[in-house]
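Reading through the structure tokens given below for one structure.
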Amino acid sequence: MMLNIKANKQAIKTIVRMGQVWEQTEENEEAGLHYYHITDALNHQWQTIGVNVTDAIQVFEHGNDGVWTRIIQPAPFYPDLTTNDLIHMLNIGPEAWRIRNAIQIILNNVERRNAFVNRIVNVNDEDVLNLLYNMRNEFLKRDQLSNQKFMDLYAVNPV
């Protein structure tokens, strides 16, 4: 029984067929396994394999395995990346309100949003939430408020 679980649910912007994975012994060079380069919605450049475009997309959707499907170029830095842009790039619908809220709270500046874009590999709800909460824990450990800073903020806006 084959499970149809997609590890990568992100949108594909472009897909380009590259060279063959290995030399063919047949006369028909169109048949056989080819490399494909994919640009996803976050602008990561991926390399995957497939017999045709549909097959390559299916292999890509199974996610990064480090061998046949892998990121070959990271996403660029987006100086104006907003939370709404990121939510749109990740194709997160309104029903995923927990993820939307977590993105707005945890990724509250452009540096954190870009760090997230560069660290995310497979885009699915579970991996997005795991990375968000790992990043939250890292930020809490590294960027703690001093007691005085907390008291100053609390005095301005008591809860």
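General remarks:
- Selection status of Asp80, among the charged types (D, E, K, R), over 17 Å from the mean Cα position of the chain (by Cα) and surrounded by 13 or more Cβ atoms within 10 Å (Cβ to Cβ): no
- Pairs where the first residue, in region 57-76, is open to solvent by less than 60 Å² (accessible area, probe 1.4 Å) and the second is small (Gly, Ala, Ser) and assigned to a loop (DSSP other than H, G, I, E, B), C-beta under 6 Å, 6+ apart: Gly63/Ala7
- Residue within region 107-117 that is closer than 30 Å to Val21 by Cβ, at pLDDT 90 or above and either in contact with a Ser or Thr (Cβ under 6 Å, 6 or more places away or on another chain) or surrounded by 12 or more Cβ atoms within 10 Å (Cβ to Cβ) (or both) present: yes
- Filtered by the rule that a residue be of a type in the set (A, V, I, L, M) and either open to solvent by less than 100 Å² (accessible area, probe 1.4 Å) or not in a helix (DSSP H, G or I) (or both), region 121-147 gives Val121, Val123, Val128, Leu129, Leu131, Leu132, Met135, Leu145.
- The lone exception for Leu86 - which of (1) open to solvent by less than 80 Å² (accessible area, probe 1.4 Å); (2) over 25 Å from Ala7 (Cβ atoms) it fails: (2)
- Flag set for Thr83, criterion: touching a residue at least 24 places away in the same chain (Cβ under 8 Å) and farther than 16 Å from Thr14 by Cα.
- Among the residues examined, Phe150 qualifies as among the aromatic types (Phe, Trp, Tyr) and either loosely packed, with under 11 Cβ neighbours inside 10 Å or free of Cβ contacts under 8 Å to residues at least 12 places away in the same chain (or both).
The values are calculated or read from the model by the stated rules, or taken from the named source; none is laboratory data. Please read these numbers as outputs of a predicted model, since none were measured by experiment. Heads up, the Cβs are rebuilt from the backbone with ideal geometry, glycines too, and the neighbour counts pull from every protein chain shown. These accessible areas exclude ligands, DNA and RNA; they are computed on the full protein's heavy atoms, side chains included. Shrake-Rupley method; radii C 1.70, N 1.55, O 1.52, S 1.80 Å.
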